[in-house]
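S.K.: Mind looking over this structure? Questions follow.
Since every read-out is calculated from the coordinates, none of them should be taken as a lab result. Remember, predicted model here, so these are calculated numbers, not experimental data. Using ideal geometry, Cβ is built from the backbone for each residue, glycine included, and neighbour counts are taken over all protein chains shown.
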Amino acid sequence: MVLSGIMIRMNLTDSFVKLLKPILQPVFRINSDCLYAIIIGFLCGFPMGANVSAQLYERKKITYKEAEFLLAFCNNIGPVYFISFALPTMGITGHIILFLLGMYGIPFLYGILLRYTLYRNAINPQNESKRSVLPADSFLQALDESVMASLTSITKLGGYMIFFNLLNILPFLFIKNRLLNSVISGILEITGGIRALSSSLPLLTLCLLPFGGFSCIAQTYSMIKGTGLSLKKYVIHKLILTAFSFIYYCFLAGISF
């Protein structure tokens, strides 16, 4: 968060995306700042996609429609978390590439679909030169603001995780079915849900990961609060991605059987 905040405030995002720009630019036809949000959103995990999109919009580097577009598909579980924690906890050790395609290929393709349907005329990268982007901050100013903003964000994220993990206690007090309790746990807070579901319902767990649980939705809200970006639209896109993931993993399960 600190490093990303510094790059955004010092207008260095274009340098960061230079390596992947020749590949991603022809696919999405968006400006460098939008490409930066996509790369960070896919590499760094919840809720960095929302955090970066909101910061870029507040700094006038992207338009409202561009921020809305980015929020729809680039706020995902991080690959390190997915490979090192989620998959091993579910007992999945082989064919990792198939699960990576499910976790990241689906939102990536969904982003392309949105770009050429719903946002076909809403985004025009040729207007990039006409935008009144805020001037770059000095390094010390960018560092100071990024550290403070990141500390606030991390504190909020920790608070949301604690709160939703505490809510996981309630089902166990009133519902005696352990499997149902585990499912509710996954819907509330995904990390606790993965531990609870473990290897008993891997298909359900894999489908819950794109959704992220109510904790991740609350974290996303804290990142976009005050920007005018719609949390309702974000949740709708997450539900669509969850449905696509269910279809994909059912197809994989059919092949394996």
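S.K.: I'd like to verify a number: residues in segment 139-150 that are without any contact (Cβ under 8 Å) to a residue 40 or more places away in the chain and either surrounded by 13 or more Cβ atoms within 10 Å (Cβ to Cβ) or closer than 11 Å to Arg9 by Cα (or both), how many?
M.R.: Narrowing segment 139-150 to residues without any contact (Cβ under 8 Å) to a residue 40 or more places away in the chain: 140, 144, 148.
Narrowing the set further to residues that are either surrounded by 13 or more Cβ atoms within 10 Å (Cβ to Cβ) or closer than 11 Å to Arg9 by Cα (or both) leaves 140, 144.
Result for segment 139-150: 2.
S.K.: Right, here's the next one. Keeping to segment 85-113, report how many residues are aliphatic (A, V, I, L, M), more than 14 Å from Pro202 (Cα to Cα) and surrounded by 19 or more Cβ atoms within 10 Å (Cβ to Cβ).
M.R.: Going through segment 85-113 one residue at a time, the tally reaches 1.
S.K.: Within segment 75-84, is even one residue more than 18 Å from Pro210 (Cβ to Cβ) and surrounded by 23 or more Cβ atoms within 10 Å (Cβ to Cβ)?
M.R.: Checked against the condition, which is being more than 18 Å from Pro210 (Cβ to Cβ) and surrounded by 23 or more Cβ atoms within 10 Å (Cβ to Cβ), segment 75-84 yields no hits at all.
S.K.: In segment 151-202, which residues are basic (Lys, Arg) and more than 21 Å from Thr242 (Cβ to Cβ)? Give the steps one after another, and end with the answer.
M.R.: As a first pass, look at segment 151-202 and keep what is basic (Lys, Arg): 156, 176, 178, 195.
The answer is Lys156, Lys176, Arg178.
S.K.: Next question. Restricting attention to helices (runs of 4 or more DSSP H) lying wholly within segment 152-257, give those where 2 or more residues are in contact with a Cys (Cβ under 6 Å, 6 or more places away or on another chain).
M.R.: Counting at least 2 such residues, we get 231-256.
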